[in-house]
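The values are calculated or read from the model by the stated rules, or taken from the named source; none is laboratory data. Please read all numbers here as calculations on a predicted model, not as lab measurements. With ideal geometry, Cβ positions are generated from the backbone for all residues, glycine too; neighbour counts draw on all protein chains shown.
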Amino acid sequence: MAELAREFEALEREAVDRFGAVRDVAELEQMRVRYLGRRGRIPGLLGQMRDVSPQDRPAVGRAANHAKRTVQEAFEAARRRLSRKDSEAAATGLDVTLPGRRRRLGHAHPITQIMDESVAIFRRLGFVVADGPDIETEYYNFDALNTPSDHPSRDIQDTFYLPDGRLLRTQTSPVQVRVMERQAPPVRIVCPGRCFRRDTPDATHSMNFHQIEGLYVNRRVSLADLKADLTLFAKELLGPDVRVRFRPHFFPFTEPSIEYDFSCIMCGGTGCRVCKNSGWLEISGAGMVDPAVFEAVGYDPEQWTGYAFGMGLERIAMIRFAVDDIRLLYENDVRFLHQF
Ligand code: DAH
């Protein structure tokens, strides 16, 4: 029965040849079934071992084991070769049979999202968007806003000056003046935009930041209008349970002036880490337009009244997205930005 041993050797050579020549996964599978499958040729020959005489058995057994192992190895080798070829093809982008790769879609930056949403809310209240330059004159940024050059409030709004005396605006408030100069009342505008201050960057300060300014001028405008509109804005942006609180403050271009807070959306006002246990989040400043500002733009302060407000968009983005360091918004790390 040494014949069976030779059959094993012949089958082994044939199978190794065929696996060596396999070109794709489908052919590999075909060959695997043909030689190694349950009804394949190797198991077929092994079945014949039953009839081998005891004295031939060791020699045939050796040939059988050798064939089985070698063919199995040839199969594995072919499989490795094909998968290497696959990944090489993918790396060079040559395998046209691979499924397409979905391109990751970008989205608006968190600050832009807040800006767009804020504008949309105010538009529903009848506000239109107004725009002014990032590079301002001292007049629009300060003097026309009732802030003469010796005014102490200029100190906290130090900024970057150009050689010609113009400056990077410290607030969006100058747009109020530009609009009122061009247009007769009534006025109802919001001005989102970039602002700059000579601040040292830390978790809550950035030399470059964004505000949205609001101005409403009409007959008999009052602080009640301001509070109603800011409350509606807060509820639309942060949820129906948000409350708004006014605190007395000072700004040169409003009289009276206030600062306003939103109740903390993290704890609902009971006090937590985010609101430093106060239950309130400080948003920004507002007030009734100072008669001196109306005079600077040629409006009659006896006839016209108005409210104005300005808020930091970073501050709102940080509250809304629970971000605790303003610098994260400026690092352009897509792993961070992708979350929002
Ligand atoms: N411009 C102020 C600031 O940057 C914020 C502000 C306060 C804007 C009162 C206003 C206002 O329009 O009426 O701190």
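Can you work out which of the residues in region 141-200 that are more than 20 Å from TYR299 (Cβ to Cβ), among the basic types (Lys, Arg) and in contact with a helix residue (DSSP H, G or I) (Cβ under 9 Å, 6 or more places away or on another chain) is surrounded by the fewest Cβ atoms within 10 Å (Cβ to Cβ)?
Top of the filtered list is ARG198.
Restricting to region 169-203, what's the tally of residues that are within 14 Å of the ligand (Cβ to nearest atom), among the polar types (S, T, N, Q) and farther than 16 Å from VAL289 by Cα?
Residues in region 169-203 being within 14 Å of the ligand (Cβ to nearest atom), among the polar types (S, T, N, Q) and farther than 16 Å from VAL289 by Cα: 1 in total.
Could you say which residue among ALA78, ALA74 is in contact with a Leu (Cβ under 6 Å, 6 or more places away or on another chain), surrounded by 13 or more Cβ atoms within 10 Å (Cβ to Cβ) and under 16 Å from LEU28 (Cα atoms)?
From the options ALA78, ALA74, the qualifying one is ALA78.
Matching residues to (1) modelled with pLDDT of 95 or more; (2) among the aliphatic types (A, V, I, L, M):
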{"residue": "ARG247", "(1), (2)": "yes, no"}
{"residue": "MET266", "(1), (2)": "no, yes"}
{"residue": "CYS275", "(1), (2)": "no, no"}
{"residue": "SER284", "(1), (2)": "no, no"}
{"residue": "VAL293", "(1), (2)": "yes, yes"}
{"residue": "GLY298", "(1), (2)": "yes, no"}
{"residue": "GLN303", "(1), (2)": "yes, no"}
{"residue": "GLY306", "(1), (2)": "yes, no"}
{"residue": "ILE316", "(1), (2)": "no, yes"}
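I need every pair where a residue in region 158-173 that is farther than 21 Å from TYR307 by Cβ has its Cβ under 7 Å from the Cβ of a residue that is away from the ligand (no atom under 16 Å from the Cβ) and in a strand (DSSP E or B), sequence separation at least 6 or different chains.
Close Cβ pairs (under 7 Å, with a partner that is away from the ligand (no atom under 16 Å from the Cβ) and in a strand (DSSP E or B)) amount to LEU162/ILE135; ARG166/ILE135; LEU167/TYR161; LEU168/ILE135.
What number goes with the only condition from (1) surrounded by fewer than 18 Cβ atoms within 10 Å (Cβ to Cβ); (2) out of contact with any helix residue (DSSP H, G or I) (no Cβ under 8 Å at 6 or more places or on another chain) that THR204 does not pass?
Looking at each condition in turn, THR204 falls short on (2).
Where residues in region 135-182 are touching a Gly at 6+ places or on another chain (Cβ under 7 Å) and not basic (Lys, Arg), which of them is nearest to PHE196 (Cα to Cα)?
Selected residue: GLN171.
Check region 206-215 and report whether any residue there is within 16 Å of the ligand (Cβ to nearest atom) and either over 29 Å from the mean Cα position of the chain (by Cα) or not assigned by TED's automatic domain parsing to the domain that holds ARG124 (or both).
Within region 206-215, one or more residues are within 16 Å of the ligand (Cβ to nearest atom) and either over 29 Å from the mean Cα position of the chain (by Cα) or not assigned by TED's automatic domain parsing to the domain that holds ARG124 (or both).
Which condition number in (1) surrounded by 12 or more Cβ atoms within 10 Å (Cβ to Cβ); (2) free of Cβ contacts under 8 Å to residues at least 12 places away in the same chain is the one that ARG39 fails?
Going through (1) surrounded by 12 or more Cβ atoms within 10 Å (Cβ to Cβ); (2) free of Cβ contacts under 8 Å to residues at least 12 places away in the same chain one by one, ARG39 breaks only (1).
Given the criteria of a type in the set (Gly, Ala, Ser) and farther than 26 Å from MET318 by Cα, does SER118 qualify?
The answer is no for SER118.
Among the helices (runs of 4 or more DSSP H) contained in region 25-104, which hold 2 or more residues that are under 17 Å from ARG6 (Cα atoms) and among the β-branched types (Val, Ile, Thr)?
The qualifying helices (runs of 4 or more DSSP H) are 57-92.
So that you can scan it fast, the table gives a plain yes or no per residue for (1) outside any loop (DSSP other than H, G, I, E, B); (2) within 14 Å of the ligand (Cβ to nearest atom):
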{"residue": "PHE262", "(1), (2)": "yes, no"}
{"residue": "GLY268", "(1), (2)": "no, no"}
{"residue": "CYS272", "(1), (2)": "no, no"}
{"residue": "LYS276", "(1), (2)": "no, no"}
{"residue": "SER284", "(1), (2)": "yes, yes"}
{"residue": "VAL293", "(1), (2)": "yes, yes"}
{"residue": "ALA296", "(1), (2)": "yes, no"}
{"residue": "GLU314", "(1), (2)": "yes, yes"}
